[in-house]
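For reference, the structure is listed below as structure tokens.
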Amino acid sequence: MKAAVLTKFGKPENAFEIKEVPNPTINNGQVLIETEGFGLNYADIMAVQGDYEDCPPLPAIIGYDVVGRIKETKGDVGDLKIGDRVTALTRFGGYAEFVAAESSGCAKIKEEVLTGKAMALTTQYSTAYYCINEVANCKKGDKVLIQAAAGGVGTALVQMALKIGCEVFGTCGSAEKIEYLKEMGVHHPINYKTQDFFEIIKKEVGDYGLDAVFDAIGGSSAKKGFKLLGSGGTLVLYGAASMTDTNIFGKLGMVAGFGLYHPVQFMMSSKGIVGVNMLRIGDDRPHVLKRCLTAVVSMLDENKIDPKISKVFKIEQLVEALNYLKDRKSMGKVSVLWKY
Ligand SMILES: NC(=O)c1ccc[n+]([C@@H]2O[C@H](COP(=O)([O-])OP(=O)(O)OC[C@H]3O[C@@H](n4cnc5c(N)ncnc54)[C@H](OP(=O)(O)O)[C@@H]3O)[C@@H](O)[C@H]2O)c1
């Protein structure tokens, strides 16, 4: 099979070789999928730069989500069978024509669902579902802040928060993205490059504060988000994108920017911070991942969510696709196809 193999950390232009490699073999409980393509995630950008500690040693095939058809199964794989079209979460290995996936990380999808939409479900929508429903437990009327709201996970969080009936504050970094947030129905779209999101939200919510903040930027952004929370509020911290566009001193500054916290402070203010890493959830609580994935596929079937396709690239355009995501041009999901 062909795979895009990460051979060198650095710029996407010099990092990959697309070459023939042996097909993966599957273990009990796994399925072999012939893929239509794979989705890009911001963690891929971090992995290519050498900033992602979970990345396997090089040479490595990275990639978390694929859409394709099951070619082989082994052992108990639940209701999955050969020929099913599925969206699947892979623990790396996704940038390839064939992947081995745990059955708990797969969900059947209808034939008519566009590949680019289905691709968003596994990592980005499952993460958003877990963060908003299982961690923050958001309810109708809650006031929530979604940072990087025009991104892949951001779009998913916005759609789910609006469906629940939350009042949504969403930040982004360009005028074009502001329009995108308005189209989705975000109540308070904020361009953090030209506006002070902290002051705007503080003025709007006063001492009552926010019920939930979703942050994957990290550093001072997370610290400000925590300050904006009211009693009973939760900061869901699920990434640190701000560590990618800086040097070692910037990275140290980013870590310091988070601030220092003492557990008593959480108790006294009745506020909390919860970290989310879906890889850990998938490894240690596969049933939770399955529950989230099943839920988002049902939401798609019931038209409760509508994953946005930012752009679909051909495999020959992999570098362009990665730079498009890295340069913050995307709104919604970016994916790459093997056949088109
Ligand atoms: N913990 C988990 O299990 C998990 C799972 C999935 C994703 N994530 C994390 O969630 C975040 C979003 O992932 P995604 O794949 O959906 O990507 P994405 O949001 O589509 O793309 C990243 C966006 O982050 C914003 N951003 C803000 N500050 C940034 C900075 N300093 N450098 C680069 N981008 C910055 C940019 O939007 P603006 O132009 O609007 O600033 C950019 O478009 C990532 O941090 C990712 O690692 C975590």
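The values are calculated or read from the model by the stated rules, or taken from the named source; none is laboratory data. Note that the structure is predicted; figures quoted are calculated from it, not measured. Virtual Cβ from ideal backbone geometry, glycine too; neighbours counted across all protein chains shown. SASA here: full protein model, heavy atoms, side chains in, ligands and nucleic acids out. Shrake-Rupley method; radii C 1.70, N 1.55, O 1.52, S 1.80 Å.
Quick check on packing: order 110-116, 233-239 by the mean number of other C-beta atoms within 10 Å, highest mean leading.
For the peptides 110-116, 233-239, the packing ranking is 233-239, 110-116.
Along the charge dipole of the chain, pointing to its positive end and built from +1/-1 on Cβ of Lys, Arg, Asp and Glu, which listed residue (Ser242, Ser104, Leu145) has its Cα farthest out?
Checked the options; the winner is Leu145.
Mind giving me the FRET efficiency for Ala256 and Lys74? R0 is 56 Å, r the Cβ-Cβ distance, nearest 0.05 is fine.
E between Ala256 and Lys74, to the nearest 0.05, is 0.70.
From the mean inverse distance of alpha carbon pairs (Kirkwood) and the Cα radius of gyration, derive Rg over Rh for the chain.
Ratio of gyration radius to Kirkwood radius: 0.96.
Defining a contact as two alpha carbons under 8 Å apart and six or more residues distant in sequence, what relative contact order in percent does the chain show?
This gives 18 percent for the chain.
Rounded, prolate or oblate: which fits region 227-283, taking a ≥ b ≥ c as square roots of the Cα gyration tensor eigenvalues, rounded meaning a/c under 1.5, else prolate when a/b beats b/c?
Here region 227-283 falls in the oblate category.
If the label point is 7 Å along Cα→Cβ of Ser220, which residues in region 174-198 have backbone nitrogen under 17 Å from it?
191-198
Taking the Cα centre of the chain as the origin, how large is its charge dipole in debye, to the nearest 20, when only Lys and Arg (+1) and Asp and Glu (-1) carry charge on their Cβ atoms?
The dipole magnitude comes to about 340 debye.
What FRET efficiency do you get for Asn27 and Glu316 if R0 is 25 Å and r is their Cβ-Cβ distance, rounded to the nearest 0.05?
Efficiency computed from Cβ-Cβ geometry: 0.15.
Given 0.36 nm per residue, what is the gain on full extension from Lys227 to Arg91 after removing their alpha carbon distance, in nm?
Gain in length upon complete extension: 45.5 nm.
On the accessible surface of the chain, probed at 1.4 Å, how many percent belong to carbon and sulfur atoms?
Answer for the chain: carbon and sulfur cover 53 percent of the accessible area.
Hey, rough spin-label estimate for Asn247 and Lys108, points 7 angstrom out along Cα→Cβ, what's it come to in nanometres?
Roughly 5.6 nm, to one decimal.
Assuming 0.36 nm per residue, please report the length gained on full extension of the stretch Asp327 to Ile309 beyond their Cα-Cα distance.
4.8 nm
Any chance you could check the Cα centroid distance between region 252-291 and region 92-138 for me, in angstrom?
For region 252-291 versus region 92-138, the Cα centre distance is 22 Å.
Where both residues lie in the chain, what percent of DSSP beta bridges are antiparallel, nearest 5?
Here the share of antiparallel DSSP bridges comes out near 55 percent.
Would you kindly calculate the mean projected area, averaged across all directions, of the convex hull enclosing the Cα atoms of region 1-65, in square nanometres?
4.9 nm²
Report the label-to-label distance for Ala175 and Lys339 in nanometres (one decimal), using points 7 Å from each Cα along the Cα→Cβ vector.
Taking the simple label geometry, Ala175 and Lys339 are separated by 4.4 nm.
Once you place label points 7 Å from the Cα toward the Cβ at Arg285 and Met267, how far apart are they in nm?
2.3 nm
So which chymotrypsin sites (Phe, Trp or Tyr not before Pro) in region 241-276 are both in a DSSP loop and have at most 14 other Cβ atoms within 10 Å of their Cβ?
Answer in residue order: Tyr261.
Could you list the residues of region 303-340 with an amide nitrogen less than 13 Å from a label point located 7 Å from the Cα of Ile18 in the Cα-to-C-beta direction?
Residues 313-322, 336-340 qualify, since their backbone N sits under 13 Å from the label point.
Which number do you get for Rg(Cα) / (2.2 N^0.38 Å) in region 124-279?
The reported ratio for this selection is 0.97.
Among 30-43, 143-156, what's the highest-first ranking by average C-beta atoms within 10 angstrom per residue?
143-156, 30-43
Going down the list Lys110/Lys311; Lys140/Lys227; Lys193/Lys333; Lys71/Lys163, which pairs span over 25 Å between their C-alpha atoms?
Lys71/Lys163
Please work out, to two decimal places, the log10 of the ratio I(q)/I(0) at q = 0.19 Å⁻¹ from a Debye calculation in which every Cα of region 1-160 carries one identical scatterer.
-1.20
Restricting to DSSP H runs of at least four residues, report the calculated mean residue ellipticity at 222 nm for the chain, -39500 (n - 2.57) per run over all residues, nearest 500 deg cm²/dmol.
One gets -9000 deg cm²/dmol as the mean residue ellipticity at 222 nm.
Rank-order 122-130, 209-217 by packing density, defined as the average count of other C-beta atoms within 10 Å over each peptide's residues, highest first.
Packing order, densest peptide first, comes out as 122-130, 209-217.
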